[in-house]
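As structure tokens, the structure follows; a few thoughts come after it.
The values are calculated or read from the model by the stated rules, or taken from the named source; none is laboratory data. What you see is a predicted model; the values in this text were computed from it and never measured. Neighbour counts are summed over all protein chains in view; Cβ atoms, including those assigned to glycine, are modelled from backbone coordinates with ideal geometry.
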Amino acid sequence: MHTSMKPQTKKLMSRVHRLLLRSHQPLTENVLASRFKVSLTPVREVIKHLEMEGILVSGRNRGITFRPWQLEELRHVYEIRALLESYATSQASRHLTEKDLKTLSRLSRLYHQARQHQRGHQAFVLDQRFHEKILAASKNTYLVSVMEKVRLIYSSMYLRNRYYPFTADINPYTHEKITEALFRKDGRQAASLMRKHILWSGKMILKWLRKEEAAPRSSRK
């Protein structure tokens, strides 16, 4: 967990994580230090932390990259997300302001537009922001800290999932429906929708990945 980590180290960790997500090859400590204009010491601290969390692997001759994830691990992560975020949503329903709710509505609309135009990375970022907004509104700092690690894991898995097809069925438990329940201050309904939303997403991604793994390599895009 990151509660005792210095703010500047947490910021660097997020930047390193985002850069690795965008990179198509392993990176070295020197490349990361140069990219973020810092010394090797904080970079090594971040890398060591993420290795201990089981997120990164590194080697002298292979650089730094995400460790390979098994499909069963991905299923477990989505199950944990569903439990934690449904609880966070029920708590957030008590604290979300009118301004917060309008922000959630805007994020929902922009996410839908990004999916329609098949802008994968933009949709991913907007989805993250939607979930982070609700999580922050739960006012539970320990829950936020736990979810930071879970978020790092499932966004790392996104590296494998970046080609998840946007022609797939649309999640019936949409951001819009979750937001509508929050507007009504119906925490129970919003929490139920959030749980179903996350579990459905995980199920569809796993289904697609299993299909990809079973397909001959020559037929993959």
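The table below gives the values:
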read-out: One residue from GLU51, GLU73 being of a type in the set (D, E, K, R), within 19 Å of the chain's Cα centre (by Cα) and within 30 Å of ARG195 (Cβ to Cβ); value: GLU73
read-out: Boolean, THR9 is polar (S, T, N, Q) and in contact (Cβ under 8 Å) with a residue 12 or more places away in the chain; value: yes
read-out: Test set (1) at pLDDT 95 or above; (2) in contact with a Pro (Cβ under 9 Å, 6 or more places away or on another chain) - GLY187 fails condition number; value: (2)
read-out: Members of region 80-109 that are over 13 Å from GLU132 (Cα atoms), surrounded by 14 or more Cβ atoms within 10 Å (Cβ to Cβ) and in contact with a Gly (Cβ under 8 Å, 6 or more places away or on another chain); value: ALA82, SER90, GLN91, SER93
read-out: Counted residues, region 29-62 - those being surrounded by 15 or more Cβ atoms within 10 Å (Cβ to Cβ) and either outside the structural domain of SER14 (by TED's automatic domain parsing) or of a type in the set (A, V, I, L, M) (or both); value: 11
